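Chemist: Okay, handing you the structure first.
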Number of protein chains: 2
Amino acid sequence: MTAIPDPLSTTLAALADPTRRAILARLTRGDIPVGELARPFDMTLPAISKHLKVLERAGLIARGREAQRRPCRLEAAPLRQVADWVATYRQFWEHRLDRLESYLQTEQAHAKRRARKAGSRAGKGK
Amino acid sequence: MTAIPDPLSTTLAALADPTRRAILARLTRGDIPVGELARPFDMTLPAISKHLKVLERAGLIARGREAQRRPCRLEAAPLRQVADWVATYRQFWEHRLDRLESYLQTEQAHAKRRARKAGSRAGKGK
């Protein structure tokens, strides 16, 4: 299992790094040559190249064949897989928000009732 | 950065394993005691416990306090974070599908035109 990871595991592992996610975010603005891509990161070119290799292996980027520039391009297909997988859990976070909302509504109703009671008691006391 | 990973990286790393994703999938059917959770997996209890620890650290599961049973519960909030993050890339895989669709439509139109031309030529030949 560790030897040949499934595609979704490979994608998720590639995404589990803030630098690699920042590289993808930069590529949303268009294809960028490797050298330019490395600039905003406080990293050596070999360090960036290592990250790019991880992203390429996961199919999240593709690299052009032009020898010097080797422009990187975002490949979004594996991200769709992640979106499809995580969407199967949507009901679980939505239910939780529903429960939280109904709890808050109940609490508000209780608070109003207590305030009304306190008000009528204060009225009787006058 | 490696020392204190950000929450999204921790979540993605926890999800980058088919056994851990299978554990989450099982928990969608309800809370399950650790011992029972380990059963369908061909793994020792310590191996499963290690996976549970990774999931717990990422906030993807919570464990009950009952000494023996320690039921595990799915916590979907970090999955929502993943969904929100990946949704920012939706336009990139949708655009790609749009491009593929328009390419296929153009190809079909060309094929029809070629077929029509071939038909009219065959007609003239008669």
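The values are calculated or read from the model by the stated rules, or taken from the named source; none is laboratory data. Note that the structure is predicted; figures quoted are calculated from it, not measured. No Cβ is skipped: glycine too gets one built from the backbone with ideal geometry, and neighbour counts run over all protein chains shown.
Chemist: For segment A:25-46, give me each residue that is touching a residue at least 40 places away in the same chain (Cβ under 8 Å) and among the hydroxyl-bearing types (S, T, Y).
Modeler: A:T28, the sole residue that qualifies.
Chemist: Still on this structure: So which of A:L79, A:L37 ends up being outside any strand (DSSP E or B) and facing chain B (nearest Cβ under 8 Å)?
Modeler: Result: A:L79 is the single residue among A:L79, A:L37 that is outside any strand (DSSP E or B) and facing chain B (nearest Cβ under 8 Å).
Chemist: Test each condition in (1) in a helix (DSSP H, G or I); (2) closer than 19 Å to B:F92 by Cβ for A:R29 and report the one that comes out false.
Modeler: Single failed check for A:R29: (1).
Chemist: Can you tell me which residue within segment A:63-94, out of those that are of a type outside the set (A, V, I, L, M, F, W, C) and touching a Ser or Thr at 6+ places or on another chain (Cβ under 9 Å), is surrounded by the most Cβ atoms within 10 Å (Cβ to Cβ)?
Modeler: A:P78
Chemist: Examine segment B:13-22 for a residue that is assigned to a loop (DSSP other than H, G, I, E, B) and either touching a strand residue (DSSP E or B) at 6+ places or on another chain (Cβ under 9 Å) or not charged (D, E, K, R) (or both), and state whether such a residue exists.
Modeler: yes
Chemist: What's the number of the only condition in (1) out of contact with any strand residue (DSSP E or B) (no Cβ under 9 Å at 6 or more places or on another chain); (2) at pLDDT 95 or above; (3) more than 9 Å from chain B (Cβ to nearest Cβ) that A:L60 fails to meet?
Modeler: (1)
Chemist: Condition test on A:R26, is it more than 18 Å from B:L12 (Cβ to Cβ) and under 18 Å from the mean Cα position of the chain (by Cα)? Working first, answer last.
Modeler: Details: more than 18 Å from B:L12 (Cβ to Cβ): yes; under 18 Å from the mean Cα position of the chain (by Cα): yes.
Yes.
Chemist: Residue check: is B:R70 within 30 Å of A:L27 (Cα to Cα) and either aliphatic (A, V, I, L, M) or at pLDDT below 95 (or both)?
Modeler: No.
Chemist: Criterion first (within 12 Å of chain A (Cβ to nearest Cβ), more than 20 Å from A:R20 (Cβ to Cβ) and surrounded by 15 or more Cβ atoms within 10 Å (Cβ to Cβ)) does B:A13 satisfy it?
Modeler: Criteria not met by B:A13.
Chemist: Test of understanding: among B:E107, B:E94, which residue is without any contact (Cβ under 8 Å) to a residue 24 or more places away in the chain, out of contact with any Asp or Glu (no Cβ under 8 Å at 6 or more places or on another chain) and away from chain A (no Cβ under 12 Å)?
Modeler: Sole residue among the options that is without any contact (Cβ under 8 Å) to a residue 24 or more places away in the chain, out of contact with any Asp or Glu (no Cβ under 8 Å at 6 or more places or on another chain) and away from chain A (no Cβ under 12 Å): B:E107.
Chemist: Of the numbered conditions (1) facing another protein chain (nearest Cβ under 8 Å); (2) over 14 Å from B:R57 (Cβ atoms); (3) at pLDDT 90 or above, B:D6 satisfies every one except a single condition; which is it?
Modeler: (2)
Chemist: Any idea which of (1) modelled with pLDDT of 85 or more; (2) within 22 Å of B:E75 (Cβ to Cβ); (3) acidic (D, E) is the one A:E75 doesn't satisfy?
Modeler: Of (1) modelled with pLDDT of 85 or more; (2) within 22 Å of B:E75 (Cβ to Cβ); (3) acidic (D, E), only one is false for A:E75: (2).
Chemist: Looking only at residues that are assigned to a loop (DSSP other than H, G, I, E, B) and under 20 Å from B:K50 (Cβ atoms) in segment B:2-12, which one is farthest from the chain's Cα centre (by Cα)?
Modeler: Restricting to residues being assigned to a loop (DSSP other than H, G, I, E, B) and under 20 Å from B:K50 (Cβ atoms), the top hit is B:T2.
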